[in-house]
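To keep things clear, I will list the structure first and then write my remarks on it.
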Amino acid sequence: GAAYGQDRLKYEGMIVNAGVRCDWFDPGVRATRIGNASLASRFFAPGNVSFTERVKTQISPRIGMAYPITDRDVLHFHYGRFFQLPNLEFLYSYLGQPIDRANTVVGNVFLEPENTISYELGVDHQLTDNLTLDVTVFFKDIYGLIGTSEQTQGSNSAAGAQAATSYVNKDYGT
């Protein structure tokens, strides 16, 4: 689910858009883990976890501003945080099923959502009545990107013929 509120403020030519978004996601009480000893020792079933422990939430502020420097120049800025759920395939694939072949990647209901922080700073300059120049710098950080990891707890013989590979949050991008 999500809830969002936004307001626009104007003061002496300056325009500020400010907002906040609240996102939440619950993988579900009935989400189960696969019958693999390696993964079973690493994760516990969501049914044993309270709602507040298993729900993923984020408050995401966003603010944008445009300020006229002169009658032909405008400075603009934007900051935002964003919440992106993993594809459901990464959460639920092969859950509750035995692994019967090598190189099977199993879902992980405890994946965290990806979090993105982005910035933008720029200047618009009106060259003529019909031509403007916009110079803008963008920057973005993304945390919690999905990767895979072999789940080896104990010996591989205890895990069956193959140790399981599962999706995990481990990568970062900028």
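Since ASP26 meets every condition but one in (1) in contact with a Leu (Cβ under 8 Å, 6 or more places away or on another chain); (2) modelled with pLDDT under 90; (3) not aliphatic (A, V, I, L, M), which condition does it not meet?
It fails just one condition, (1).
List pairs: first in the range 1-26 and under 20 Å from ASP71 (Cα atoms), second of a type outside the set (A, V, I, L, M), Cβ under 7 Å, 6+ apart or cross-chain?
GLY13/PRO68; MET14/TYR67; ILE15/ARG8
The values are calculated or read from the model by the stated rules, or taken from the named source; none is laboratory data. All figures in this text were calculated on a predicted structure; none of them were measured in a lab. Don't worry about glycine lacking a Cβ; one is built from the backbone with ideal geometry, like all the others, and counts go over all protein chains shown.
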